[in-house]
C-alpha cells in the first residue's frame, strides 16, 4: 500500500515538471514595467510584430527569463505572459536567456514583413529551457 502511494505521488510530481502552452493571441500581456524600451510597444502599419509567449505552470515560474532583440536586452517575461513588440521589417535576432546574465543567450533568426506577426514560445521541458518559433 505504501509503495502504491509513493509511486502515485512520484507520478504526480513528474507530471508537473513541464509547462502548459499558452496561446499568444489570448495570453495576458506583459506589464509595461518589464519592458526596457517603451518605443517597442508602439504599433504602426509600416512595422512588423514579434510576440514572445511564456508558458504557464508552476514549474520554473520563479525563474527569470530575459528577452533580447538584435543583441540588446529588451524585457524580462513572467510565466503565462506574452510580450508583443513592433519592429521595422527585416532581419532580426530574437534571444532568450534563462536565470540571469551569467547564462548563455539562445538566439533565433527571423525576417519580418510589414503587418506580419512572428510568434515565439519560451517553455521548460523538465530538464532545460527551450525557445522555439511557432510560425
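For this structure, a couple of remarks:
- Spatial separation of Cα centroids for the stretch 51-96 and the stretch 99-135, in angstrom: 7
- Within the listed set 29, 51, 72, the residue fluctuating most in the Gaussian network model of the chain (springs between alpha-carbon atoms under 10 angstrom) is 72.
- Of 19, 39, the sequence from fewest to most neighbouring Cβ atoms within 10 angstrom is 39, 19.
- Placing pseudo-labels 7 Å out from each Cα toward the beta carbon at residue 46 and residue 78 gives an inter-label distance of 3.6 nm.
- GNM top mover of 67, 40, 83 - the chain, alpha-carbon springs below 10 Å: 40
- Linear extension gain, residue 37 paired with residue 100, 0.36 nm per residue minus alpha-carbon span: 20.8 nm
- In this rough spin-label picture, where each label sits 7 Å from Cα along the Cβ direction, the residue 135-residue 109 distance is 2.3 nm.
- Length gained when the stretch residue 91-residue 63 is fully extended (0.36 nm per residue, less Cα-Cα span): 7.2 nm
- Taking every DSSP bridge with both residues inside the stretch 19-133, close to 80 percent are antiparallel.
- With Cα atoms, 0 to 90° folded angle of helix 2-15 axis to the chain main axis: 0
- For 135, 47, 93, the sequence from fewest to most other C-beta atoms within 10 Å is 135, 93, 47.
- Which of 120, 99, 34 has the fewest Cβ neighbours within 10 Å, and the rest in rising order: 99, 34, 120
- Most fluctuating residue given options 42, 84, 124, as computed from a GNM of the chain linking Cα atoms under 10 Å: 42
- Relative counts (whole %) of C-alpha pair distances in the chain, using bins that are 5 Å wide: 2, 10, 19, 22, 19, 10, 6, 4, 3, 2, 1, 1, 0, 0
- The chain, relative contact order in percent, only Cα pairs under 8 angstrom and at least six apart counted: 27
Throughout, read-outs are computed from the coordinates displayed, never taken from laboratory work. Computed from a predicted structure; not experimentally measured. Cβ sites come from the backbone with ideal geometry, for glycine too, and all protein chains shown count toward neighbours.
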